[in-house]
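Notes follow once the structure below has been shown.
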Amino acid sequence: MLINQQNLPLVAMEFMNEVHFEDVALLNELYELILDYEKTPNKDNRYKINAKYMQWCNHTILHFKGEEEEMLKKGFPVYMIHKEEHENALKSMSDVFEKWQADEDIKYLKEYVCEFTPKWLVNHIQTMDTVTAFFLKTGQSLCSMG
Ligand SMILES: [Fe+2]
Ligand SMILES: [Fe+2]
């Protein structure tokens, strides 16, 4: 297992926690497929990684969109900052996938999925998502600039 669901920080909105748990489940599945490919680097195992990676990307697009729609609806003051972090993450996901398609460098893919992404996810949840969920729930901002 790459990430234990129980170690994931929780935020004040349940719909966000649920999506984060789904995200972790997909990452854990992707992790297993990467290990399989390392053991047996054949076409079949490569396709399995590709399919799961696409599934994870599509889920992430919806994950981010769901948060962005709620932020817009409630008039979250720093919507753009949160959205920008989402956009950068989607861009890296797509860049890494293209690189993997081009060079089949499993070490690089593994580092991105298994090291960079868990750290990114926990950090994003502890900062952007926490502040956003608190605002969605209470209408108050945790991030006063004063
Ligand atoms: Fe999130
Ligand atoms: Fe987010």
Extending each Cα 7 Å along its Cβ direction at residue 32 and residue 50, get the distance between those two points in nm, one decimal. 2.2 nm
How would region 1-73 be classified by its alpha-carbon gyration tensor: rounded, prolate or oblate, with rounded meaning a/c under 1.5 and the a/b versus b/c comparison settling the rest? oblate
Taking the alpha-carbon set of region 1-137, what are its Rg and Dmax in Å? 15.6, 50
Calculated from DSSP helices alone, with each H run of at least 4 adding -39500 (n - 2.57) and the total divided by the residues of the chain, [θ]222 nm to the nearest 500 comes to -24500 deg cm²/dmol
Using the 10 angstrom Cβ neighbour count as an exposure proxy, how do 8, 35 rank, fewest first? 35, 8
Just order 19-26, 92-99, 62-69 by mean Cβ neighbour count inside 10 Å, highest at the front, would you? 19-26, 62-69, 92-99
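Each value in this text was obtained by applying a stated rule to the coordinates, not by laboratory testing. Note that the structure is predicted; figures quoted are calculated from it, not measured. Don't worry about glycine lacking a Cβ; one is built from the backbone with ideal geometry, like all the others, and counts go over all protein chains shown.
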